[in-house]
Structure formats: structure tokens, C-alpha cells
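Novice: Here you go, one structure.
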Amino acid sequence: MSRRGMLAGLGAGGAAAVAAAVTGGSPAAGDPGDPVGQGADNNAGTTSTILRSNLTGATLDVRNTVGSSGGGSVAVKANAEVGVDANGFDAGVVGFSSNGNGVIGRSDIGFGVVGTATGPGGVGVVASAPDEFSKTALDVRGQVHFTRSGVATVPAGATSVTVSGLHIFGSTHALAVAQRNTAVWVKAAVPDQASGQLSLHLNAKAPSGGVPVAWWLLEA
């Protein structure tokens, strides 16, 4: 074989190896500054890939057109300890669907969706809907747990019981109802901001065995 033919053969073999690396099942390793290969598994190693733009539109627009025909496609799939870390002044994450679910959160042993408020006036999760027929702000399907609630028992012969160590504010109100069917009933549930206590009062002395009272604090 001539020298020119040998070089041509090596060039063809090298091109085939590169094509196999890009289109094969294993990630294609790259160096910082290398372009992203479409239709391939790109491996950036320990280097982050950052996209920057000063446009008012989206910096990265990802579309899967299969979804337009009802194929149930996914435009972006993230698999990491933190799938998506979004930081925005107006909104970190916006989800919209014209005929489905805007945002879905799932978890096997944790929380499907977590909303946290750390600053004054902040709200962890807001559910809103117009005050009109058949438009619901919050639909809970299953058990509900509130940390600002509990059960306190008025002992036999007493007319009240006090729950201490509560965070009570000027906007705090209380609801309470007896958990035992007796001739006495809950007359009042009085939160006290200064002492951080909630007083539960019956209309008469509790009978033998006492009267458990379920209470719930809410802001209004």
C-alpha cells in the first residue's frame, strides 16, 4: 500500500471512531469550549456548562414536538440530587398547562412539593382562584396535618384547660370542638398573645374521664 493510501485509511478510521463516540451509547467526553453534540450523550466531566443571554426571551428554549399530538413527551428531564435550581426575581419556576397540570411534584419518602417563606410577609405556598362557581383554589385529597393544632383534655371536675408554648399573634384566632359526646360543650377558645397560651373553656365541669378538645389556630 502506498503512503498516501495508508494515510487515507487512517483518516477514515479516525473519522469512524469519532462518529462512534458521538452516536454510541457511551457519553462523548469533551473539553471546555467544545460544542454540544445534538443527538448524543455529552459528558462535560467536572466542568459546568453555562448559557448566558441578555435577551428578554428564554436563554434556552427546549421543545419536544411529539407532545403536540398527545404523545406524553418530556421537554426537559433532570436527574440529580437537586433536579432544578431556579432563581428568579419574579418567579423561579413557572409551570403552565392549558389542559393538564402546570406543575407536578412526586416523592416516595419525602415531600412532593415544598414551599418555604423566610422573609417578613413571605408566603410558602399560594393557592388562588376567582371567587366564582366551580373554581377551586385548593383541593386536598387525603389527610391534612397542621402543626398549629392539637388535642387538650379538660380533666374531670374542671371547666377549662390551658395549652402553653404557642406562637400567638394579634391576627391569631382559635377554633375548638369537644371530642367526646357529653352534656357539656366548648364555650370558648381564647388565644393570649402575651403569654403564648390558648385557654379552652367548657360551659360546665367536665364529667368523669374528662373532655378532650381538638383545637386549631388560624390567622385572619
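The values are calculated or read from the model by the stated rules, or taken from the named source; none is laboratory data. Quick caveat, the model's predicted, so the values are computed rather than measured. For neighbour counting, all protein chains shown are included, and Cβ atoms are generated from backbone atoms with ideal geometry for every residue, glycine included. All accessible areas refer to the heavy atoms of the entire protein, side chains included, with ligands and DNA or RNA removed. Shrake-Rupley method; radii C 1.70, N 1.55, O 1.52, S 1.80 Å.
Novice: Can you find, among 146, 100, 136, the residue farthest towards the positive end of the dipole of the stretch 87-154? Put +1 on the C-beta of Lys and Arg, -1 on that of Asp and Glu.
Specialist: Among 146, 100, 136, the one farthest towards the positive end of the dipole of the stretch 87-154 is 146.
Novice: Assigning unit charges at the beta carbon (Lys, Arg +1; Asp, Glu -1) and nothing else, what dipole magnitude in debye, to the nearest 20, does the stretch 99-220 show about its Cα centre?
Specialist: Approximately 360 debye in magnitude.
Novice: Express in nm, to one decimal, how much length is gained between residue 49 and residue 125 on full extension, taking 0.36 nm for each residue of separation and deducting their alpha carbon distance.
Specialist: Roughly 24.2 nm would be gained on extension.
Novice: Still on this structure, I have one more. Which whole-number value in Å² is the accessible area per residue of the stretch 46-152, probe 1.4 Å?
Specialist: 97
Novice: For the stretch 108-115, in order, what is each residue's ³J(HN,Hα) by Karplus, 6.51 cos²θ - 1.76 cosθ + 1.60 with θ = phi - 60°, in whole Hz (x at glycine and Pro)?
Specialist: Rounded to whole hertz, the list is 7, 10, x, 10, x, 9, 10, x.
Novice: Okay, moving on. Hey, which lysines would be in cross-link range of residue 205, C-alpha to C-alpha under 17 Å, not counting anything within fewer than 8 residues on its own chain?
Specialist: Answer for residue 205, where 17 Å is the Cα cut-off: 187, listed by chain and number.
Novice: State the extension gain, in nm to one decimal, for the chain segment bounded by residue 133 and residue 34, taking 0.36 nm per residue of separation less the distance between their alpha-carbons.
Specialist: Result: 30.1 nm gained on full extension.
Novice: I've got another one for you. So, with a 1.4 angstrom probe, what is the percent of accessible area on the stretch 90-187 that is carbon and sulfur?
Specialist: Carbon and sulfur: 51 percent of the exposed surface of the stretch 90-187.
Novice: Can you give the local net charge around residue 160? Use residues other than it whose beta-carbon is closer than 12 angstrom to its beta-carbon, Lys and Arg +1, Asp and Glu -1.
Specialist: Around residue 160, the surrounding residues sum to +2.
Novice: If I model a spin label at residue 56 and residue 193 as a point 7 Å from the Cα along the Cα→Cβ vector, what separation in nanometres do I get?
Specialist: 4.4
Novice: Starting from the Cα of residue 93, move 7 Å in the Cα-to-Cβ direction to define the label point; list residues of the stretch 103-146 whose amide nitrogen is under 13 Å from there.
Specialist: 103-107, 111-116
Novice: Assuming R0 = 30 Å, what is the FRET efficiency of residue 82 and residue 144, from their Cβ-Cβ distance, to the nearest 0.05?
Specialist: That gives a FRET efficiency of 0.65.
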